[in-house]
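Trainee: Once you've had a glance at the structure underneath, I'll fire off some questions.
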Amino acid sequence: MRQLGDSKGPPHPKSRGRKVRDAAKGVLYGMAAHGHVTAALRTRMYLEHLFMFITLGDMLGVPVIPPYYSLKILPYAVPNIKSWKQRVFRERDFTDQVF
Amino acid sequence: MVDFLATPFLWVVATIVLYGIAYWGYAKWIDRNVWRSDAKKTTPAHMYMDGVEYFPTSRYVLWGYQFKSVAALGPILGPFIGITFGWLPALIWIIAGNFFIGWLQDYGSMMLSVRKEGRSFGPITYEFTGARGRTNLLAFVLFYLIIISAAFIALIASFWNAFPGTFVATIGIILAGVLCGQLLYRFKVNVFAVTGIGLALVVVSIYLGVAFPVSLPWGVWNVPVWAFICAIILYAAAVLPTPTFIQPTNYLAFYPAYAAIILILVGALLTPFWPIQIGSFVIGPPAPINVQMPAGPFLTDPQGILGPIWPILFVAIACGAISGWHSLVSSSSSSKQLDIETDALPVGGGAMFSEGLLALASLIAYMVLVPSFFAGRTNVAAWVAGAVVLTSPFLGNLTAPVLTTFFGLVLIIYALTVQALVTRFFRLVAGETWAEGRFHALSNKHVSTVVGLAVPWGFAVSGSWWALWLYFGGANQLLAGLAIMLITIHLARTRAPTRYSLVPGAFMIVTTLAALLWQIYTFGNSVVQYLGNVPYPSGTNADPSVWILRNVRPPINVKDYAFVALGINAVFVLVGVILFIAGLSMAIRLFQSYRSSLAEARAKAPAAADGGSRED
């Protein structure tokens with residue numbers, strides 16, 4: 001899965017001019033917007049954590065909503081469970097919050 | 001005949017060449033032989049890819065992000081104090097500091113975090129020095145953030161006071177940012193259209209600032225009032241959701257801030273060639289723009305305020321030569337997005353060398369001014385004046401008031417955008433520190449933000465900004481020294497050569513602890529001399545109260561407020577002592593950890609001199 005501003009482009013060779021233009025675009029994007037994009041993604045991540053906690057709290061022994069509704073939502077939440085677990089269990093520290 | 005030696009041109013070219021040698025020579029050598037970066041090794045961005053914190057990003061994007069995150073007011077104002085000892089020592093430190101230490105710290109922090117699975121400095125400190133070491137780091141960072149905030153609030157207030165056109169322009173940028181945030185996130189307007197609208201509003205704000213200058217009528221009380229207004233804006237920035245306030249404002253502020261630096265560098269490169277004749281048109285001033293400031297070196301401050309060149313110069317110019325803040329940035333976010341290990345050098349090292357150029361541009365803006373600009377070190381307008389001197393020849397259609405407002409605004413937005421992030425970070429650190437226990441009320445977001453602004457406000461309106469700056473520089477450089485020691489410990493554990501980081505790390509720690517001691521002595525000695533009724537030695541005024549009044553700013557620096565000034569000096573002694581003890585304790589833990597790591601690595605080393613495997 002390729003992500004934001006990924007360095008590995010399509011397999012066909014790029015001309016030198018195209019490479020320079022892409023690099024310039026990348027630098028400008030990195031300076032102007034990359035931090036904001038990652039901050040927005042992080043905000044969404046915390047909202048998703050909250051959503052998963054509310055809908056699948058049962059899994060953690062915290063029944064926030066009745067299991068009937070949890071079961072109804074489950075098929076939609078299943079694709080996110082793996083990444084949710086990965087993020088929630090990750091070690092976090094105050095020095096991770098600088099930017 | 002063009003006299004290149006008399007203008008800043010040669011120094012710009014020489015610095016660029018030396019940075020090139022540092023990057024393609026020394027840095028590449030360290031990358032290959034010490035860290036042995038390997039493009040085939042899986043980085044945390046791939047190992048833990050989640051699309052949010054960990055994801056591979058192009059080195060160009062990361063370079064831009066890293067540079068933007070590390071470049072702020074530090075490289076602009078550090079040279080203002082550093083030039084006290086002559087521009088030559090300041091230039092040498094900007095070149096040599098970056099050549100041997102600055103890039104090494106930024107790059108090493110990034111590589112260390114990459115090799116430690118993307119972990120930031122808190123967990124790494126815990127691993128190397130234990131729970132007490134991490135608590136120690138937390139305490140140090142809290143005080144460090146308070147000192148940064150104090151220095152930046154004092155400066156923003158001084159800038160608004162010095163450039164009456166900038167307040168309206170600043171408010172204009174903030175409002176434009178809020179509007180752009182709404183257009184972008186609520187109304188889903190295309191980002192290019194939003195950028196266009198935002199930049200048009202920035203230009204309008206500058207002209208409105210020129211048309212409607214704001215000057216407060218309270219004389220020496222103006223700066224405290226400006227500082228209070230600044231604190232209110234920062235409070236909003238810290239507690240409001242980032243997409244509403246900080247993000248779009250920082251985004252818009254980016255454009256004028258970086259345009260200013262490019263303009264100054266272009267101006268510096270053109271200095272020997274003025275006037276330029278094109279056909280029958282003659283552009284620019286009638287003669288080349290020459291260096292006006294003395295080269296030095298002056299081993300002590302000729303004005304008798306700052307003290308000796310060592311250690312003061314090395315903490316006065318922090319960012320641009322080396323800065324501890326960068327290690328936090330490198331290890332907290334950039335390392336999690338590094339596509340391949342070999343990108344660490346262009347991203348971490350490359351961004352640091354670029355910041356060195358920013359410090360160079362600022363130093364040059366000061367070099368072309370006459371020495372009287374620096375009398376008393378209170379003229380915060382100096383950088384703006386120098387920038388106008390360098391750029392007005394080729395921006396002839398823009399009047400001096402417009403350029404002054406523009407460059408003044410650039411100073412403010414550099415400070416304001418970083419300070420907004422620092423205030424938010426303080427809130428998060430306070431939340432972590434006081435989450436449990438008797439003081440848990442301090443972890444509340446509003447309470448911690450108010451505390452994180454009220455204490456620095458108190459320092460800002462009482463302490464002279466250069467005194468705060470030296471504490472900031474001391475704490476910042478000490479953090480850098482500590483970061484380099486963490487890097488050294490890792491290298492020792494992996495049996496890689498350590499001398500290239502151990503020597504700079506030890507130098508930075510010793511220098512910055514000495515600088516903190518010197519500052520403690522300066523404030524403490526003032527208190528002792530005043531209480532001992534000792535006449536002040538220099539100047540026409542031999543009044544003993546001058547001892548303590550010289551360390552504080554208006555309105556407190558008059559005899560009527562001598563007792564207040566005495567209290568402030570005592571508080572600064574206390575702050576310095578806390579920073580010194582926290583830093584020293586951390587340094588001792590790190591050196592102990594280094595020694596034990598070295599001993600362990602030697603014990604594990606193979607008996608035969610086959611080198612063994614260095615990285616697991």
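Trainee: Is there a residue being under 15 Å from the mean Cα position of the chain (by Cα), within 7 Å of another protein chain (Cβ to nearest Cβ) and crowded, with 16+ Cβ neighbours inside 10 Å anywhere in segment A:77-95?
Mentor: Yes, segment A:77-95 contains at least one residue that is under 15 Å from the mean Cα position of the chain (by Cα), within 7 Å of another protein chain (Cβ to nearest Cβ) and crowded, with 16+ Cβ neighbours inside 10 Å.
Trainee: Test residue B:335 against the stated conditions and say whether it is in a helix (DSSP H, G or I) and modelled with pLDDT under 90. Step through it out loud before you land on a result.
Mentor: Details: in a helix (DSSP H, G or I): yes; modelled with pLDDT under 90: no.
Criteria not met by residue B:335.
Trainee: Out of all the residues in segment B:486-506, is one or more without any contact (Cβ under 8 Å) to a residue 60 or more places away in the chain, within 24 Å of residue B:81 (Cα to Cα), in a helix (DSSP H, G or I) and β-branched (Val, Ile, Thr)?
Mentor: Within segment B:486-506, none of the residues are without any contact (Cβ under 8 Å) to a residue 60 or more places away in the chain, within 24 Å of residue B:81 (Cα to Cα), in a helix (DSSP H, G or I) and β-branched (Val, Ile, Thr).
Trainee: Kindly evaluate residue B:51 against the criterion of being within 14 Å of chain A (Cβ to nearest Cβ), touching a helix residue (DSSP H, G or I) at 6+ places or on another chain (Cβ under 9 Å), farther than 24 Å from residue B:469 by Cα and part of a loop (DSSP other than H, G, I, E, B).
Mentor: On the way: within 14 Å of chain A (Cβ to nearest Cβ): yes; touching a helix residue (DSSP H, G or I) at 6+ places or on another chain (Cβ under 9 Å): yes; farther than 24 Å from residue B:469 by Cα: yes; part of a loop (DSSP other than H, G, I, E, B): yes.
Criteria met by residue B:51.
Trainee: If you check residue B:6 against the conditions, is it modelled with pLDDT of 95 or more and away from chain A (no Cβ under 14 Å)?
Mentor: Details: modelled with pLDDT of 95 or more: no; away from chain A (no Cβ under 14 Å): yes.
No; evaluated as a whole, the condition is false for this residue.
Trainee: Need pairs with beta-carbon distance below 7 Å; first residue more than 11 Å from residue A:81 (Cα to Cα) and acidic (Asp, Glu) and within segment A:41-61, second in a helix (DSSP H, G or I) and open to solvent by 60 Å² or more (accessible area, probe 1.4 Å); sequence gap 6+ or separate chains.
Mentor: Within 7 Å, the pairs are A:58/A:67.
Trainee: Looking at the structure I just gave you, is residue A:59 modelled with pLDDT under 80, in a helix (DSSP H, G or I) and not aromatic (Phe, Trp, Tyr)? Steps first, please.
Mentor: Values: modelled with pLDDT under 80: yes; in a helix (DSSP H, G or I): yes; not aromatic (Phe, Trp, Tyr): yes.
In short, yes.
Trainee: Only residues that are open to solvent by less than 50 Å² (accessible area, probe 1.4 Å) and within 22 Å of the chain's Cα centre (by Cα): list them for segment B:431-465, please.
Mentor: Answer for segment B:431-465, where residues must be open to solvent by less than 50 Å² (accessible area, probe 1.4 Å) and within 22 Å of the chain's Cα centre (by Cα): B:449, B:452, B:453, B:456, B:458, B:459, B:460, B:461, B:462, B:463, B:464, B:465.
Trainee: State all residues of segment B:225-241 that are farther than 17 Å from residue B:169 by Cβ and open to solvent by less than 30 Å² (accessible area, probe 1.4 Å); if no residue qualifies, say none.
Mentor: Answer for segment B:225-241, where residues must be farther than 17 Å from residue B:169 by Cβ and open to solvent by less than 30 Å² (accessible area, probe 1.4 Å): B:227, B:231, B:234, B:236, B:237, B:238, B:239.
Trainee: Sticking with this structure for a sec: Could you list, ordered by first residue, the pairs with Cβ atoms under 9 Å in which the first is in segment B:426-441 and without any contact (Cβ under 8 Å) to a residue 12 or more places away in the chain and the second is surrounded by 17 or more Cβ atoms within 10 Å (Cβ to Cβ) and of a type outside the set (A, V, I, L, M), at least 6 apart or interchain?
Mentor: Taking only residues 6 or more apart or on different chains, the pairs are B:428/A:94; B:428/A:97; B:428/B:448; B:435/B:443; B:436/B:443; B:439/B:433; B:440/B:434; B:441/B:434.
Residue-by-condition table, conditions (1) of a type in the set (A, V, I, L, M); (2) under 17 Å from the mean Cα position of the chain (by Cα); (3) more than 14 Å from every other protein chain (Cβ to nearest Cβ); (4) within 30 Å of residue B:30 (Cβ to Cβ):
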residue	(1), (2), (3), (4)
B:279	no, no, yes, no
B:289	yes, no, yes, no
B:297	no, no, yes, yes
B:301	no, no, yes, no
B:304	no, no, yes, no
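Trainee: What single numbered condition from (1) touching a helix residue (DSSP H, G or I) at 6+ places or on another chain (Cβ under 6 Å); (2) under 28 Å from residue B:147 (Cβ atoms) fails to hold for residue B:493?
Mentor: (2) is the only condition that residue B:493 fails.
So that you can scan it fast, the table gives a plain yes or no per residue for (1) farther than 26 Å from residue B:496 by Cα; (2) touching an Asp or Glu at 6+ places or on another chain (Cβ under 9 Å); (3) within 13 Å of chain A (Cβ to nearest Cβ):
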| site | (1), (2), (3) |
| --- | --- |
| B:39 | no, yes, yes |
| B:58 | yes, yes, yes |
| B:66 | yes, yes, yes |
| B:69 | yes, no, yes |
| B:76 | yes, no, no |
| B:80 | yes, no, no |
| B:85 | yes, yes, no |
| B:111 | no, yes, no |
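Trainee: So residue B:31 fits all but one of (1) away from every other protein chain (no Cβ under 14 Å); (2) open to solvent by 60 Å² or more (accessible area, probe 1.4 Å); what number is the exception?
Mentor: (2)
Trainee: Which of the residues spanning segment B:371-395 are part of a helix (DSSP H, G or I) and within 19 Å of residue B:86 (Cβ to Cβ)? Even if it seems obvious, please write down each step before you answer.
Mentor: Filtering segment B:371-395 for residues part of a helix (DSSP H, G or I) gives B:371-377, B:382-391.
The answer is B:371, B:372, B:373, B:374, B:375, B:376, B:377, B:382, B:383, B:386.
Trainee: Now for a different question. Contact list please: Cβ distance under 8 Å, first residue in segment B:1-26 and farther than 17 Å from residue B:97 by Cβ, second residue open to solvent by 40 Å² or more (accessible area, probe 1.4 Å) and of a type in the set (Phe, Trp, Tyr), pairs at least six apart or on different chains.
Mentor: Listed by first residue and then by second, the contacts come to B:2/B:273; B:10/B:4.
Trainee: Just for segment A:31-76: of the residues that are within 26 Å of residue B:336 (Cα to Cα) and among the basic types (Lys, Arg), which one is surrounded by the most Cβ atoms within 10 Å (Cβ to Cβ)? Outline the logic, then answer.
Mentor: Keep residues of segment A:31-76 that are within 26 Å of residue B:336 (Cα to Cα), which gives A:31-53.
Of the ones still in play, those that are also among the basic types (Lys, Arg) are A:42, A:44.
On the way: A:42: 16, A:44: 12.
Once the filter is applied, the top-ranked residue is A:42.
Trainee: Looking at B:272, B:311, B:288, B:297, which is the one that is open to solvent by 10 Å² or more (accessible area, probe 1.4 Å) and either outside any loop (DSSP other than H, G, I, E, B) or more than 30 Å from residue B:481 (Cβ to Cβ) (or both)?
Mentor: Details: B:272 fails: open to solvent by 10 Å² or more (accessible area, probe 1.4 Å); B:311 fails: open to solvent by 10 Å² or more (accessible area, probe 1.4 Å); B:297 fails: either outside any loop (DSSP other than H, G, I, E, B) or more than 30 Å from residue B:481 (Cβ to Cβ) (or both).
None of the others qualify; the one that does is B:288.
Trainee: Return the residues of segment B:540-565 that are assigned to a loop (DSSP other than H, G, I, E, B) and either open to solvent by 70 Å² or more (accessible area, probe 1.4 Å) or of a type in the set (Lys, Arg) (or both); say none if nothing qualifies. Full working, then the answer.
Mentor: Let us first name the residues in segment B:540-565 that are assigned to a loop (DSSP other than H, G, I, E, B), namely B:540-545, B:550-551, B:553-558.
B:540, B:541, B:550, B:553, listed by residue number.
The values are calculated or read from the model by the stated rules, or taken from the named source; none is laboratory data. Nothing here was measured: the structure is a model prediction, and the numbers come from that model. Cβ sites come from the backbone with ideal geometry, for glycine too, and all protein chains shown count toward neighbours. The area values use the complete protein model at the heavy-atom level, side chains included, leaving out ligands, DNA and RNA. Shrake-Rupley method; radii C 1.70, N 1.55, O 1.52, S 1.80 Å.
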